[in-house]
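Let me begin by presenting the structure, written as structure tokens, before commenting on it.
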Amino acid sequence: MADNSRFDHDLVLAHKFPETTFTYTERDAAVYALGVGACGRNAIDSDELKYVYHENGQQFVQVLPTFAALFSLGSLTNGSIDLPGLQYDPRLLLHGQQYIQIYKPFPSSASLINKVSLAGLHDKGKAAILELETKSYEKQSGELLCMNRSTIYLRGAGGFSNSSHPYSYSNYPVNQAAAPKIPKSQPFAVFEDCTQPSQALLYRLSGDYNPLHSDPMIAEVAGFSRPILHGLCSLGFAVRAVIKCICRGDANIIKTISGRFLLHVYPGETLITEMWLEGSRVIYQAKVKERNRAVLSGFVELHVTPSL
Ligand SMILES: CCC/C=C/C(=O)SCCNC(=O)CCNC(=O)[C@H](O)C(C)(C)COP(=O)([O-])OP(=O)([O-])OC[C@H]1O[C@@H](n2cnc3c(N)ncnc32)[C@H](O)[C@@H]1OP(=O)([O-])[O-]
């Protein structure tokens, strides 16, 4: 049992995060797109080539909406977070959820200013849950580009408050919570995609260097038979499926992305994304084919109701 006597929720809550900057280039956008499987099955895929190549030059490449999630990585060091009052074993950290609001399409390169705040902190007994909100502004125009809310699941770090009244703080609307009800009906669309055995090694080059995704010994300590895929990589695969099957390749109609990581994915496994359309909201669930287990579920909100 972890010693959480030094876990101080008031200290965590009082922490003021410094503003950080994040600069990316066209190359970063393309490396990210390859990391989440764009063009992985077809190098000339007309919906996806635009994220890695443009005939008039790299400055015209488009940026996937899930690229936004990278902007929030500045709060982490090697995939884990260090805050006064926060007591946990970084090897047991897992990504629980991600919520992204997109306010305008991303330029192919940009310098951003990130304003980070604590959006939630919960004692779940066996785990602590930390939620960080990152608002990213374009440095040049000062315009708000997107907001990320990352939920970090700290196994073994719960039990820091009175178990009859477990501590729970959040400062955002409940309807933005990530787990939608999966419809019982047949999915509107289904998309199957293979992750590569090297997927996590490629994805980490986009900035999440947590060794859980690359080091067999660390993965074993964390309770896995081998390194696991980044949650945000699985999210990238699932949202690509939505862009392809529902948005007809037009990612600019995506307004909000939400996902809850239900179970780990091993690089090399096949992801089957099932999608249901409810007006302008797409509910999705991704399963690993080899284990027939749901690994990710969430929703994508669109600016328009697609005419299909
Ligand atoms: C961040 C950057 C670093 C990146 C790292 C990665 O990519 S790692 C790779 C990517 N990530 C992964 O691979 C992680 C995959 N996911 C998992 O392995 C498991 O879902 C788990 C270990 C996170 C939780 O399982 P479990 O059996 O221990 O949980 P339980 O069902 O007993 O519920 C306990 C409480 O927690 C709540 N809650 C539950 N799940 C989530 C969630 N995802 N999210 C939020 N909350 C969650 C649940 O509602 C309940 O609260 P309630 O309702 O009582 O108030």
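The values are calculated or read from the model by the stated rules, or taken from the named source; none is laboratory data. This structure is a prediction, so every number in the text was calculated from the model and none was measured. Positions of Cβ are generated from backbone atoms using ideal geometry, with glycine treated the same way; all protein chains shown enter the neighbour counts. For the accessible areas, the whole protein counts, side chains as well, though only heavy atoms, and no ligand, DNA or RNA atoms are used. Shrake-Rupley method; radii C 1.70, N 1.55, O 1.52, S 1.80 Å.
Just a few scattered comments:
- For the options HIS15, HIS230, HIS213, a Gaussian network treatment of the chain with springs between C-alpha atoms closer than 10 Å singles out HIS15 as fluctuating the most.
- Helix axis angle, 231-245 relative to the chain longest principal axis, alpha carbon, degrees: 30
- Of GLY142, GLY79, GLY298, the residue with the greatest mean-square motion in the GNM of the chain, using alpha carbon springs below 10 Å, is GLY142.
- Each peptide in 233-242, 105-114, 49-58 gets a packing score, the mean of other Cβ atoms within 10 Å over its residues, and the list from highest to lowest is 233-242, 105-114, 49-58.
- Modelled spin-label separation between ARG41 and SER307, with each label point placed 7 Å from Cα along the Cα-to-Cβ direction: 2.8 nm.
- Contour excess over end-to-end distance, with Cα ends at GLU220 and SER141 and 0.36 nm allotted per residue: 23.9 nm
- Accessible surface of the chain [probe 1.4 Å, protein heavy atoms]: carbon and sulfur percent: 51
- Max mean-square fluctuation residue, GNM over the chain, Cα-Cα springs under 10 Å, options GLU138, GLU269, GLU19: GLU19
- Computed label-point distance, nm, for sites ASP89 and ARG281 using a 7 Å Cα→Cβ extension: 3.8
- Using C-alpha pairs under 8 Å with a sequence gap of at least 6, the mean separation divided by the residue count of the chain gives a relative contact order of 19 percent.
- The C-alpha atoms of the chain define a longest principal axis, and helix 26-35 lies at about 80 degrees to it.
- Rounded if a/c under 1.5, otherwise prolate or oblate - the range 156-253, Cα gyration tensor axes: oblate
- Helix-derived mean residue ellipticity, 222 nm - over the chain, DSSP H n ≥ 4, -39500 (n - 2.57), to 500: -3500 deg cm²/dmol
- Virtual spin-label span in nm between VAL190 and ARG293, 7 Å along Cα→Cβ: 2.1
- With the whole protein complex present, LYS139 retains an accessible surface near 110 Å², based on a 1.4 Å probe.
- Percent of beta bridges antiparallel (DSSP, the chain, rounded to nearest 5): 100
- Restricting the range 84-137 to trypsin sites (Lys or Arg not before Pro) that sit in a DSSP loop and have at most 14 other Cβ atoms within 10 Å of their own Cβ leaves LYS126.
- Rounded to 0.05, the FRET efficiency of the ILE182 and LYS115 pair, given R0 = 41 Å and the Cβ-Cβ distance, is 0.75.
- For the range 9-302, the number of Lys pairs separated by eight or more positions or lying on different chains, with C-alpha atoms closer than 17 Å, is 12.
- Solvent exposure ordering (accessible area, 1.4 Å, most first) of SER198, SER307: SER307, SER198
- Accessible area in the full protein assembly, largest first, 1.4 Å probe, for ASP193, ASP89: ASP89, ASP193
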